[in-house]
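**Student:** Before anything else, here's the structure in question.
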Amino acid sequence: MKRIRGVTTSLLLLVTMLLAHGNELHIMGTVANITTTSITVKTQDGHSIDISIAQDTKFMRGTEPISAKDIKTGDRVVVHASKNGEKLVATTVAVGKTSEANQKAKNGAQSH
């Protein structure tokens, strides 16, 4: 019974996220993989969603434009995407700002 309730809740949450922006879909989670042509986002409920990257896809960190190369596995993102047939295509990928403490920890780990 708990499993059915969990699956139902997950599906309702997914549908709500997908309908959040009218014609655009709104996908939140962490980057599981990124290439020059796609980004895979792992949502909080454990689903992995593959989204194509187009030439006109915009990448942002806060209010600053960035490039896809600046995005790393594990980054928290919000992707706004449109449907093209059965395929999702990212219009905007917004990366969460890295806190100053996290940035210092990353920089310290890289220098060792």
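The values are calculated or read from the model by the stated rules, or taken from the named source; none is laboratory data. The structure displayed is predicted, hence computed values, not measured ones. Virtual Cβ from ideal backbone geometry, glycine too; neighbours counted across all protein chains shown.
**Student:** When the stretch 45-79 is examined, which residues are found to be among the hydroxyl-bearing types (S, T, Y) and within 14 Å of V95 (Cβ to Cβ)?
**Tutor:** To start, the set of residues in the stretch 45-79 that are among the hydroxyl-bearing types (S, T, Y) comprises 48, 52, 57, 63, 67, 73.
Selection gives T57, T63, S67, T73.
**Student:** If the Cβ limit is 7 Å and pairs must be 6+ apart or interchain, which residue in the stretch 34-52 that is at pLDDT 95 or above pairs with which residue that is in a loop (DSSP other than H, G, I, E, B) and surrounded by 15 or more Cβ atoms within 10 Å (Cβ to Cβ)?
**Tutor:** Within 7 Å, the pairs are I34/I71; I49/T43.
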